[in-house]
Every structure is written in C-alpha cells, then in structure tokens.
Amino acid sequence: MKRRFAVAGISLAVVLGCGTLPAAATGPAPAANTVAAAPDVDVTKVRAHLSELSAIAGRNGGNRRSTTQGYRDSVAYVKGKLQAAGYTVTEQPCTSGCTSGAGPNLIAEWPGGDAGNVYMFGAHLDGVSAGPGMNDNGSGSAALLENALTLAQQNPTMRNRVRFAWWTDEEQGLNGSDFYVRSLPSTERAKIKAYYNFDMVASTNGGYFINHITSSAAAPMKAYWDSLGLQPEENTEGAGRSDDYSFEQYSIPTSGYAMGAGARKTSAQAAKWGGTASRAYDPCYHSSCDTLTNINTTGLDRASDGIAYTIWQRAVDSGTGGGCDTAGAVANGGFESGTSPWTGTTGAIGAHSGQSPHGGSRFAWLAGNGFTSTESLSQTVTVPAGCSRASLTYWLHIDTDESGSTAYDRFTVRAGGTTLATLSNVNAGSGYVQRSVDLSAYAGQTVTLTFTASEDRSLQTSFLLDDVALQSG
C-alpha cells in the first residue's frame with residue numbers, strides 16, 4: 001500500500017435485477033443458488049508463491065521495488081505461472097507517469113464470457129526498498145495468482161470476462177494502474193463493470209476491511225466474509241491509497257479486501273477479531289521485517305477464498321440463464337468521483353465542512369437551509385431482469401433544529417411517480433442509518449429514482465445522503 005497522499009435533490013433512473021444473497025455458512029465458501037459453488041483456494045499454494053517472491057527479493061538486494069531486478073523477476077515468475085496455465089499474458093510498459101526505470105504492468109484475461117462485461121481483479125506487485133514486501137503486497141499478489149490458476153484449473157463456463165492485473169510502481173504513487181486506466185479508450189473503460197483490489201490481505205494484527213463496503217460492487221465480498229461471521233468494516237485507512245483509486249477516477253465501481261497497514265487496532269476491533277488493541281495492524285508496514293514471518297495465514301486464506309467467491313458470483317455461468325449482477329448499477333453512489341452521473345442539485349455533493357460522510361470524504365448534503373426550499377438529485381440505473389429481489393440501499397443522517405413530533409421538513413424516495421419512502425425531522429438521530437426500499441417490482445426495467453429534501457420556512461433540517469447502492473436480496 002502506498003503512503004497516504006492528499007486527494008483533492010437526487011433523481012436516479014435504475015434498471016434492476018436480483019437474486020438471493022448467500023446464506024450464512026460454516027464451510028470455506030457459502031452456498032449460492034445463483035452461481036455454481038466457488039472452489040476452496042489452497043492457502044498452502046498461496047504461501048508457496050509468497051516463498052518464491054521472498055526468494056526473488058533475497059537474490060536481488062532484499063527488495064522488489066518497481067525499478068529493480070527484484071521486481072522484474074517477480075513479473076517473470078507470475079507470468080510464467082500464468083502462461084503454463086493457459087493464459088495469454090501481456091506486459092504493459094508504463095511509458096508515462098511512472099518512476100524512471102519502473103518495470104511493466106502484467107495483464108492476463110481468461111477467455112470466455114461476455115467481452116462487453118469485464119470484471120477486473122488486481123494487486124500491486126512492487127514493494128518498497130526497505131524489505132521484501134511479503135504482506136505489502138506479496139500477500140495480495142500471491143492470493144490473486146492462485147485464484148487465476150484455480151480458475152484455469154476449474155475451467156468453468158463463463159458468463160462474463162475476468163481480467164487479472166499485477167501493477168507496477170504503486171508505492172511511488174499508484175502510477176502503474178493510473179497509466180493503465182488512463183491509456184484505455186473510453187469504450188474499453190466502459191466495459192469494466194467493476195474493479196477489485198487486494199493490498200495487504202495478511203496483516204499479523206489485522207482486521208477485516210472492505211473497500212466501499214455498502215456498494216453493489218462489494219456485495220459478494222461482504223457476503224462471503226459475513227458468512228464466516230467476521231463483521232467486516234469499511235476500509236477507511238486505505239481510501240485513496242491503492243490502485244482501486246485509479247479506477248475510481250474514471251467512475252468505475254471498485255471494492256476489495258484489506259487487513260490494514262500502519263493504523264492502530266481499536267479495543268472494539270480486538271474484541272471481535274482478536275489481536276492487540278492500540279497496536280498497528282501491520283507492525284512491519286514498509287519495514288525490513290515485512291518477511292515471510294509477517295503473514296497472517298488465516299486472514300490470507302479467508303481473503304483468497306473470498307476472491308474466488310466474488311469471481312464465481314460475478315462471472316461464472318450458473319447454467320440457469322439470466323443473472324442478478326448489481327455491481328455498478330448505481331454509479332458513483334458514494335459521491336467520491338465528482339458529481340457525474342448525478343443530476344439535479346449537484347452542488348449538494350462535496351466534501352462539506354460541518355458534517356461528516358458515512359464513508360470516504362464526500363457526501364450529498366440536501367436541505368439544511370432553514371428556509372423554504374426543495375433540493376433533489378438524479379441518476380439512471382439498470383436493474384437486471386434476473387433478480388427476483390432487489391433493494392436500493394442508502395445511508396442517511398438526519399440532523400435537525402426542529403423539536404416535537406410534527407413533520408415540518410421531509411425527505412422522500414420515489415421510483416418514477418411512486419413514493420417509496422418518506423422521512424422527516426421526526427426521524428433525526430445522532431448518526432447515519434442504513435435504509436432501503438424494495439425495487440423488486442422494477443426488475444428488468446429502467447426507472448427514475450428521486451431523492452428529494454424539502455424544508456418549511458424556519459429551523460433547518462439537514463438530510464445527509466451517502467453510499468447509495470443497488471443490492472440483491
């Protein structure tokens with residue numbers, strides 16, 4: 001993971017289609033009635049890849065920095081494994097924006113499935129110069145490699161395309177992934193329905209974190225870890241710090257797993273996940289001690305299996321026809337990528353002072369004026385026809401200066417001309433609450449969803465909206 005750097009009323013048209021989220025399970029992979037069961041990825045084989053990356057670093061000055069022979073040998077190792085499994089692998093030189101002398105990105109796409117619906121899974125292969133980089137990011141790279149090899153070995157019938165990527169020069173500024181996305185023609189970027197990133201998935205004092213945990217893209221990743229009772233949390237520490245951010249800049253939905261870097265575990269997290277409170281998730285973050293002894297095998301196993309589950313959910317043919325793939329149905333649902341494609345009172349979207357987002361750094365602040373006003377925002381979304389159940393979820397914080405049980409200021413959610421939910425100042429509380437409306441009736445349709453806030457002539461009520469997503473179930 002790269003060190004942190006500075007990052008600089010709603011109407012929604014949606015087409016829905018949903019199936020059923022997996023029920024809780026005690027085995028390595030939850031059952032699902034929409035997609036063939038995902039395989040158990042052998043963590044012993046993942047660790048074998050890590051051992052080879054460690055040996056490569058040892059033969060090349062102790063590190064795998066993007067400009068070194070250690071990195072180039074890492075590329076050769078991953079490429080050789082993929083080619084032996086039947087992949088056509090492309091080395092993409094980073095010809096602009098990368099550190100001078102940085103090695104290439106490595107891209108491998110599994111054949112089969114709809115080439116117009118691509119799901120990408122990526123991890124940065126480079127490390128820092130201080131050490132061999134086994135957790136950061138040998139762990140993500142090795143987990144991804146064994147998933148690619150497992151997909152090839154299983155060779156299932158594909159519904160959508162799966163593309164794997166190992167990025168160069170992440171530690172110097174997300175440069176390899178930025179070059180890749182920036183270089184794609186807009187028509188090719190549009191084919192990428194979601195990007196999944198894996199950066200530090202074996203932290204020894206780690207937690208279970210998911211990027212954009214409430215988004216449609218994150219749904220299968222969260223479903224898998226939920227099935228293990230892990231109670232995952234939003235990856236706030238990693239926001240804007242790894243290669244998923246390069247895709248977010250082009251409004252491509254993203255998610256991913258992480259177990260934490262230099263931030264410290266809270267007492268509440270230690271209580272539910274184990275480990276030591278007030279100690280860094282990875283005490284060897286960007287240090288010489290990030291060796292093979294700095295690997296949490298249990299976390300690595302859970303991440304590897306969750307990746308497989310997500311691949312199977314997103315891209316493998318169930319054999320039943322149809323599909324309920326809600327990833328990216330709501331674009332920019334967390335408002336982190338400007339205002340597009342939202343329309344309406346787009347000035348409500350931003351990193352406002354005085355109130356806080358639910359996740360990330362931006363949110364939509366509707367109303368809060370203290371005088372008669374109406375504000376709304378809009379987007380067009382497609383709901384897949386294969387969904388038997390579909391829900392629009394959103395996080396809402398209502399802050400008010402009103403008192404009593406009279407509804408003076410209102411917030412509504414509409415589908416076309418039908419009002420699905422009405423809230424008011426009476427529902428105010430101290431923080432965000434996740435709410436949902438049922439959109440099952442709109443499966444296979446395009447419908448305009450509208451979030452509207454209206455205030456009367458005095459005393460403000462603010463309706464703070466964030467992390468809007470379409471989910472199955």
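So here's what we get for this one:
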{"read-out": "Top-ranked residue of region 423-473 - restricted to ones that are hydroxyl-bearing (Ser, Thr, Tyr) and in a loop (DSSP other than H, G, I, E, B), ranked as most open to solvent (accessible area, probe 1.4 Å)", "value": "SER430"}
{"read-out": "Residue in region 378-386 that is under 27 Å from ASP325 (Cα atoms), surrounded by 22 or more Cβ atoms within 10 Å (Cβ to Cβ) and β-branched (Val, Ile, Thr) present", "value": "yes"}
{"read-out": "Residues that are part of a helix (DSSP H, G or I) and hydrophobic (A, V, I, L, M, F, W, C), drawn from region 289-311", "value": "LEU300, ALA303, ILE307, ALA308, ILE311"}
{"read-out": "Close pairs (6 angstrom Cβ cut-off, 6 or more residues apart or separate chains): of a type in the set (Gly, Ala, Ser) and modelled with pLDDT of 95 or more in region 283-303, open to solvent by less than 20 Å² (accessible area, probe 1.4 Å) and not in a loop (DSSP other than H, G, I, E, B) anywhere", "value": "ALA303/ALA143; ALA303/TYR257"}
{"read-out": "Residue ID - nearest to PHE451 (Cα to Cα), chosen from residues in region 379-394 that are in a strand (DSSP E or B) and not hydroxyl-bearing (Ser, Thr, Tyr)", "value": "GLN379"}
{"read-out": "Hits in region 177-212 - residues which are under 12 Å from the mean Cα position of the chain (by Cα) and open to solvent by less than 20 Å² (accessible area, probe 1.4 Å)", "value": "ALA194, TYR195, TYR196, ASN197, PHE198, ASP199, PHE209, ILE210, ASN211"}
{"read-out": "Region 186-235: number of residues that are at pLDDT 95 or above and assigned to a loop (DSSP other than H, G, I, E, B)", "value": "12"}
{"read-out": "Unmet requirement for ASN105, which otherwise passes all of (1) modelled with pLDDT under 95; (2) crowded, with 22+ Cβ neighbours inside 10 Å; (3) polar (S, T, N, Q)", "value": "(1)"}
{"read-out": "Residue list for region 398-412, filter: farther than 20 Å from GLN355 by Cβ and of a type in the set (Val, Ile, Thr)", "value": "THR406, THR412"}
{"read-out": "Residues located in region 388-397, provided they are over 18 Å from THR422 (Cβ atoms) and open to solvent by 10 Å² or more (accessible area, probe 1.4 Å)", "value": "SER388, ARG389"}
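To keep it simple, each residue is scored yes or no on (1) at pLDDT below 95; (2) more than 25 Å from the chain's Cα centre (by Cα); (3) not in a loop (DSSP other than H, G, I, E, B).
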| site | (1), (2), (3) |
| --- | --- |
| LEU12 | yes, no, yes |
| CYS18 | yes, no, no |
| GLY27 | yes, no, no |
| VAL41 | no, no, no |
| GLU52 | no, yes, yes |
| ARG72 | no, yes, yes |
| ALA76 | no, yes, yes |
| LEU82 | no, no, yes |
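One line per residue, one yes/no per condition, for (1) among the charged types (D, E, K, R); (2) at pLDDT below 90; (3) in contact with a helix residue (DSSP H, G or I) (Cβ under 9 Å, 6 or more places away or on another chain):
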site	(1), (2), (3)
TYR309	no, no, yes
TRP312	no, no, yes
ASP317	yes, yes, no
GLY322	no, yes, no
THR326	no, yes, yes
GLY333	no, yes, no
THR339	no, no, yes
THR346	no, no, no
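The values are calculated or read from the model by the stated rules, or taken from the named source; none is laboratory data. Bear in mind that the values here come from a model prediction, so they are computed numbers and not experimental data. Please note: Cβ atoms are built from the backbone with ideal geometry, for glycine as well, and neighbour counts cover all protein chains shown. Accessible surface is based on the protein model in full, side chains and every heavy atom, while ligands, DNA and RNA are left aside. Shrake-Rupley method; radii C 1.70, N 1.55, O 1.52, S 1.80 Å.
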